[in-house]
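Structure first, commentary second.
The values are calculated or read from the model by the stated rules, or taken from the named source; none is laboratory data. Small disclaimer: the values here were computed from a predicted structure and weren't measured. Cβ placement follows ideal geometry from the backbone for every residue including glycine, while neighbour counts extend to all protein chains displayed.
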Amino acid sequence: MRALLIAAVLATGVPATAQAAPKPQTALDRCLASPAGASTMGQIQCIGDAVKAQDARLNQNYAKAMKALTPEQKVKLRAAQRAWIAFKDADCQSLWDDDWGTLSRVTANMCVLDRTSERADELANYPDR
């Protein structure tokens, strides 16, 4: 993917000074690039480790948001969080089907990672009183 991006930038003739700096490698990137991340099961394990980290961040941000709210606001956020969990689970499960092969498991797990990371960001910016 990165090689295609580099080739596309070079083909456009954009000066090197105008090109974006390379994105720093994440723990997920390093895991997927390792020998352990070469198999489907290895990729799922790498993604699972990243989900655990993002889920911890989500829970921390949720607890912080809840502390700052009135009782009525807490009821609303709790209901929203439960609805979000149901949506995330249904949405990501829809991407996993044995008929689509083992890569659909990777895709479904990446969905969980993406949704969890996005929700953690949303909760980090949740309004306080």
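Listed here are the residues, each with its yes/no results for (1) within 18 Å of Leu28 (Cα to Cα); (2) over 19 Å from the mean Cα position of the chain (by Cα); (3) not in a helix (DSSP H, G or I).
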{"position": "Lys52", "(1), (2), (3)": "yes, no, no"}
{"position": "Lys74", "(1), (2), (3)": "no, yes, no"}
{"position": "Gln81", "(1), (2), (3)": "no, no, no"}
{"position": "Asp89", "(1), (2), (3)": "no, no, no"}
Query raised in the report: Being surrounded by 12 or more Cβ atoms within 10 Å (Cβ to Cβ) and closer than 30 Å to Gln43 by Cα, is that true of even one residue in the range 64-74?
Result: no
Query raised in the report: What do you reckon, is Met41 over 19 Å from the mean Cα position of the chain (by Cα) and either hydrophobic (A, V, I, L, M, F, W, C) or assigned to a helix (DSSP H, G or I) (or both)?
Result: no
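This table checks each residue for (1) touching a helix residue (DSSP H, G or I) at 6+ places or on another chain (Cβ under 7 Å); (2) among the hydrophobic types (A, V, I, L, M, F, W, C).
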| residue | (1), (2) |
| --- | --- |
| Ala33 | no, yes |
| Cys46 | yes, yes |
| Asp49 | yes, no |
| Ala53 | no, yes |
| Ala56 | no, yes |
| Ala63 | no, yes |
Query raised in the report: When the residues of the range 95-114 are filtered to those that are small (Gly, Ala, Ser) and within 21 Å of Cys31 (Cβ to Cβ), which remaining residue is surrounded by the fewest Cβ atoms within 10 Å (Cβ to Cβ)?
Result: Ser104
Report summary line: Just one listed residue, out of Lys76, Lys52, Lys23, is basic (Lys, Arg) and at pLDDT below 95, and it is Lys23
Requested in this report: Taking Trp100 as meeting all but one of (1) hydrophobic (A, V, I, L, M, F, W, C); (2) under 15 Å from Leu123 (Cα atoms); (3) at pLDDT below 95, write down the number of the exception.
Outcome: (2)
